[in-house]
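Remarks on the structure that follows.
The values are calculated or read from the model by the stated rules, or taken from the named source; none is laboratory data. Nothing here was measured: the structure is a model prediction, and the numbers come from that model. Ideal geometry is used to build each Cβ from the backbone, glycine not excepted, and the neighbour counts take in all protein chains shown. Calculation scope for accessible area: heavy atoms of the full protein, side chains included, ligands and nucleic acids excluded. Shrake-Rupley method; radii C 1.70, N 1.55, O 1.52, S 1.80 Å.
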Amino acid sequence: PDGVAVITLDNAPVNSLASPLVVSLEESIKKVTADTSVKAILITGKGALFSGGAEITEFSQMKNQAEVDTMRGRLSSVMDLIDGCPKTVVAAINGPALGGGLELAMACHYRVGSAKANVALPE
């Protein structure tokens with residue numbers, strides 16, 4: 001739509017917040033924020049889920065607490081970028097938003113949910 005940038009979380013099967021997706025999300029937010037033709041940003045998930053949260057398989061691959069802290073810091077930084085964005089950011093919750101996926105939606109300025117949306121902090 002005119003003036004609305006759509007960013008789709010795409011990391012099958014549950015749109016988990018794996019490092020590559022988080023890096024891509026950060027780059028996308030920065031790009032559309034700088035684009036003067038974009039007035040608002042909509043973030044949604046591909047398929048049936050908004051986001052299943054953290055990619056837990058990444059935790060087992062980390063060698064020390066510093067690597068865990070770096071990963072958490074990156075996601076926190078992206079959420080701060082969204083929260084502080086001068087353009088309106090809307091989470092279109094198209095299905096489950098779990099854990100970090102819900103936190104991502106909460107970082108957005110507004111949230112709308114489909115009939116299939118549900119939210120939880122399973123931790």
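Annotations for the structure displayed:
- Taking all Cα pairs closer than 8 Å and separated by 6 or more residues, the relative contact order of the chain comes to 28 percent.
- Cα long-axis angle, helix 19-34 against the chain (0 to 90 degrees, to the nearest 10): 20
- Amide H contacts of residue 49 (H built 1.01 Å from N, under 5 Å, at least 5 apart or other chain): none
- Taking the protein heavy atoms of region 18-62 in the context of the full set of protein chains, the accessible area attributed to carbon and sulfur is 60 percent at 1.4 Å.
- 5 angstrom amide H check on residue 54, placed H, neighbours 5+ away: 17, 100, 101
- Per residue accessible area in Å² of the chain, where ligands, DNA and RNA are left out and the probe is 1.4 Å: 55
- Averaging the Cα positions of each part gives two centres, and for region 1-64 and region 88-113 these lie 11 Å apart.
- Relative contact order of region 40-103, pairs being alpha-carbon contacts under 8 Å that are 6 or more residues apart, as %: 69
- Check: the chain dipole with +1 on Lys, Arg Cβ and -1 on Asp, Glu Cβ, in debye: 280
- Low-density loop cleavage sites - trypsin sites (Lys or Arg not before Pro) in region 47-83, where at most 13 other Cβ are within 10 Å (DSSP): 63
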